Structure formats: C-alpha cells, structure tokens
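S.K.: Starting off with a structure, shown below.
Quick note: the coordinates plus some simple rules give every number you see, no bench work behind them. It should be emphasised that the depicted structure is a prediction, and the values quoted were computed from it without experimental measurement. Here the Cβ positions follow ideal geometry from the backbone for every residue, glycine too, while neighbour counts run over all protein chains shown.
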Amino acid sequence: MRQDSTAEYRFLPQFRLRTHAEFQRVYHRRCSIADKRIIVYGCVNELGHPRLGLSVSRKVGNAVLRNRWKRLLREAFRLRVRNLSAGIDLVVIPRRDVTPTFAGLLDSLPALAQRLVRKIEESGE
C-alpha cells in the first residue's frame, strides 16, 4: 500500500452517512444553516470525525446536474474535512436554480459547518 499525503485526503466510507436512520437523526435535531448555495443540517456524533450525507432531489435538475452537485460536494468535503469540527454529522441539500461551482462550495461548506457547530453549542446539545 502506498503511503503518501494523498492517502490522508481519501473519502472513506467512515466519512459518509449511509442509512435512512442516520439521515433521520440529523433531520430530527432541526438544526440547520444556509447560504445562497446550500442548506446544511447537522447534529453531534460520537465518532470523533465528521460525516457527510447528501440529499439532492429531482427538483435540483436532471440526473447530470444532480450527479455534478454530488461530485462537487463530496470533493469539497474531502478537501476540507480537516477544517471541519470533529464529531459532527452533516446533511447537505443544494438549493434550486443555483449552478454549482467548486470554488463556491469550497468556501460555503466549511463556513456553514463552523456556523452550525456554534449554533449546536449555543443550543446545548
């Protein structure tokens, strides 16, 4: 196995929300924050690392556009995972009628995640 700096940036399965129950746990906390590009729901997990879930509905656009959103969001998360708080689950929903840009998502995702963590801490979860 190759040991280099790129191995640290892989998007491993442990960084993903997978089951319906995991998504529902995040949604039921009702803690969200948004900007003009994305809406981010979040809650605390006990794992010691952040996890990402994506919810990209058909309202966003056709399959090509939905898959583009998912690729860009995963890549933004992968590159910014070190800047995110440990122990938080995030569900990201793109806004309708917004064209995804990688640079915009690289800025939005960590900024919204940081604001969400502050909101969760203020609410006392």
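S.K.: If R₀ is 41 angstrom, what is the calculated FRET efficiency for the pair residue 103 and residue 46, using the beta carbon separation as r and rounding to 0.05?
M.R.: Details: r = 33 Å, r/R0 = 0.81.
So the FRET efficiency works out to roughly 0.80.
S.K.: Cut-off under 21 Å on the C-alpha distance; same-chain residues fewer than 8 positions from residue 59 excluded. Which lysines are left, in chain and number order?
M.R.: Within the straight-line limit of under 21 Å, residue 59 reaches these lysines: 36, 70.
S.K.: Let me ask another. Would you compute, from DSSP H runs of 4+ residues alone, the mean residue ellipticity of the chain at 222 nm, taking -39500 (n - 2.57) per run and dividing by the full residue count, rounded to the nearest 500? Let's see the in-between values first.
M.R.: Values: 3 runs with 49 residues, N = 125.
For the chain, the value works out to -13000 deg cm²/dmol.
S.K.: If you don't mind, another one. Could you please report the charge total around residue 61, scoring K, R as +1 and D, E as -1 over all other residues with beta-carbon less than 10 angstrom from its beta-carbon?
M.R.: Values: positive: 58, 59, 66, 68, 96; negative: 97.
Around residue 61, the charge tally is +4.
S.K.: Taking only Cα atoms and a 10 Å spring cutoff, compute GNM fluctuations for the chain and point out the largest among 63, 34, 86.
M.R.: 63
S.K.: Still on this structure: Sorted from fewest to most neighbouring beta carbons within 10 Å, what does the list 119, 59 look like? Please list the in-between numbers first.
M.R.: Numbers: 119 14, 59 11.
Ranked by crowding around the Cβ, least crowded first: 59, 119.
S.K.: In the neighborhood of residue 104, defined by Cβ-to-Cβ distances under 12 Å, what is the net charge if each Lys or Arg adds +1 and each Asp or Glu adds -1?
M.R.: Details: positive: 36, 37, 95; negative: 35, 107.
In short, +1.
S.K.: List the relative contact order of segment 27-125 as a percent without decimals, with contacts defined as Cα pairs under 8 Å and 6+ residues apart.
M.R.: Details: 150 pairs, mean separation 40.3, N = 99.
RCO, segment 27-125: 41 percent.
S.K.: Then there's this: Run the numbers for residue 35 and residue 19: contour at 0.36 nm per residue of separation, minus the present Cα-Cα distance, in nm. Before the final figure, lay out the partial values.
M.R.: Values: separation 16, 0.36 × 16 = 5.76 nm, distance 2.61 nm.
Full-extension gain reported as 3.1 nm.
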